[in-house]
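Student: My questions will all concern the structure given below.
The values are calculated or read from the model by the stated rules, or taken from the named source; none is laboratory data. Keep in mind that what you see is a predicted model, and the values were worked out from it rather than measured. Neighbour counts run over all protein chains shown; Cβ positions are idealised from the backbone, glycine included.
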C-alpha cells in the first residue's frame with residue numbers, strides 16, 4: 001500500500017510541477033510581450049520628453065547660434081547697404097553711412113555677447129538696433145510698417 005501512496009503522491013507532485021512550469025512559460029511569454037510593449041511606450045515617452053525638455057546648455061547653445069546668425073545678417077546688411085549707396089554724393093549719403101556703420105557695429109556687439117553667453121545683455125542691443133532702424137526710416141521718410149511686428 002505504501003508504494004501505491006508513494007506513487008500517487010509522486011505523480012501529484014510531478015503533475016503540479018509540470019503545471020507550474022507551463023504557467024511560468026505562459027506568464028513569461030505574456031510578461032515578455034507586455035514588457036516589449038511597455039519598452040516601446042517608454043521609449044516614445046522618452047523621445048517626447050527629451051525633445052520638449054532639452055537641457056539648459058542645449059537651449060543656451062541654440063540661442064547663441066540664433067544670435068550669431070542674426071549678427072551676421074546685420075553685418076551683411078550693413079555691407080550691402082554701403083555698396084548700394086556708395087555712388088551717392090549728397091549729404092544724405094554721410095548720414096546713411098553713419099546709420100549703416102552703426103548697424104554693423106550692433107551686429108558685432110550681438111555676436112560678442114552671444115559668444116560669451118551673455119543673453120540678458122542682448123535684448124537692449126536688439127532694441128537699440130530696432131530704434132536705429134526706426135530712426136533711419138523716419139529720417140529718410142521710409143514706411144515703418146516693416147518694423148511694426150517688432151516691439
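Student: Please state which one of 43, 31 is farther than 30 Å from residue 140 by Cβ, surrounded by 11 or more Cβ atoms within 10 Å (Cβ to Cβ) and modelled with pLDDT under 85.
Tutor: From the options 43, 31, the qualifying one is 31.
Student: In segment 90-108, how many are assigned to a helix (DSSP H, G or I) and either in contact with a strand residue (DSSP E or B) (Cβ under 9 Å, 6 or more places away or on another chain) or free of Cβ contacts under 8 Å to residues at least 24 places away in the same chain (or both)?
Tutor: The number of residues fulfilling the criteria is 8.
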